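Asker: Got a structure for you, written out below as structure tokens; questions coming shortly.
The values are calculated or read from the model by the stated rules, or taken from the named source; none is laboratory data. Bear in mind the structure is a predicted one, so any value in this text is a computation, not a measurement. No Cβ is skipped: glycine too gets one built from the backbone with ideal geometry, and neighbour counts run over all protein chains shown.
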Amino acid sequence: MEPTSTEKMRKTMDRLAGTLGHFLVDAFHYLALFAIGGAIVWSAISSFWGMAAKGGASIDDILLLFIYLELGAMVGIYFKTNHMPVRFLIYVAITALTRMMIADVQEHHLKPDMGIILIAGAILLLALAILVIRYGSNRFPSSEPRDTA
């Protein structure tokens, strides 16, 4: 039984709508990546300019620059491979917690409290999560190419 002209038009319309939909999603995807990358570069330059204006950088400032670096690398990897490197998010979280711990120690001048223990425990938990992710990706590789960073 031969398809009717209406059925042929419907299939053509579906194909065109699918093509247009994929184009619009990809366009938004690239626009969002460029916007996020631009915001990271802008923030990093602004922070660096602030450090230069005050005449020096504290360890807190340097860790902030590392956070920007990791976020930029994550956007770059996502742009190239179209997959989110989860480990980079965990690296950002570890760096942010380290920055928070250093700020807390500087503020309280080594006065021990439970906050430092909790932050250290969170860093340890995140490090173990990276270990599990690395082990899982080595032991049970997916059919898609995985990130080797």
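Asker: List every residue pair whose Cβ atoms sit under 9 Å apart, with the two residues 6 or more apart in sequence or on different chains, where the first one lies in the range 124-148 and is within 16 Å of H83 (Cβ to Cβ) and at pLDDT below 95 and the second, anywhere, is of a type in the set (G, A, S) and surrounded by 10 or more Cβ atoms within 10 Å (Cβ to Cβ).
Answerer: Cβ pairs passing all conditions: R146/S137; D147/S137.
Asker: Same structure, new question: In the range 64-89, which residues are within 22 Å of L31 (Cβ to Cβ) and aliphatic (A, V, I, L, M)? Show your work before the answer.
Answerer: If we filter the range 64-89 for residues that are within 22 Å of L31 (Cβ to Cβ), which is where we start, we get 68, 71-85, 88-89.
Listed by number, the residues that qualify are L71, A73, M74, V75, I77, M84, L89.
Asker: Continuing with this model, one more query. Which of the residues that make up the range 74-105 are touching a residue at least 60 places away in the same chain (Cβ under 8 Å) and not hydroxyl-bearing (S, T, Y)?
Answerer: Of all residues in the range 74-105, those touching a residue at least 60 places away in the same chain (Cβ under 8 Å) come to 77, 81, 83, 85, 87-88.
Once the filter is applied, which keeps residues that are touching a residue at least 60 places away in the same chain (Cβ under 8 Å) and not hydroxyl-bearing (S, T, Y), the range 74-105 yields I77, H83, P85, R87, F88.
Asker: While we're on this one: If you check every pair at least six apart or on different chains, which have Cβ atoms under 7 Å apart with a residue in the range 49-63 that is farther than 13 Å from T98 by Cβ and without any contact (Cβ under 8 Å) to a residue 40 or more places away in the chain first and a residue that is assigned to a helix (DSSP H, G or I) and among the acidic types (D, E) second?
Answerer: Close Cβ pairs satisfying both conditions: M51/D61.
Asker: Can I ask one more? Which members of the range 1-38 meet the condition of being surrounded by 12 or more Cβ atoms within 10 Å (Cβ to Cβ) and basic (K, R)?
Answerer: The one that is surrounded by 12 or more Cβ atoms within 10 Å (Cβ to Cβ) and basic (K, R): R10.
Asker: Going by the conditions given, is M13 touching an Asp or Glu at 6+ places or on another chain (Cβ under 9 Å), hydrophobic (A, V, I, L, M, F, W, C) and part of a helix (DSSP H, G or I)? Break it down stepwise before answering.
Answerer: Details: touching an Asp or Glu at 6+ places or on another chain (Cβ under 9 Å): no; hydrophobic (A, V, I, L, M, F, W, C): yes; part of a helix (DSSP H, G or I): yes.
Against the criterion (touching an Asp or Glu at 6+ places or on another chain (Cβ under 9 Å), hydrophobic (A, V, I, L, M, F, W, C) and part of a helix (DSSP H, G or I)), M13 does not qualify.
Asker: Being within 23 Å of E107 (Cβ to Cβ), of a type in the set (A, V, I, L, M, F, W, C) and touching a helix residue (DSSP H, G or I) at 6+ places or on another chain (Cβ under 7 Å) narrows it down to one of L71, L65, so name that one. Lay out the reasoning, then the answer.
Answerer: Working: L71 fails: within 23 Å of E107 (Cβ to Cβ).
After applying the criteria, what remains is L65.
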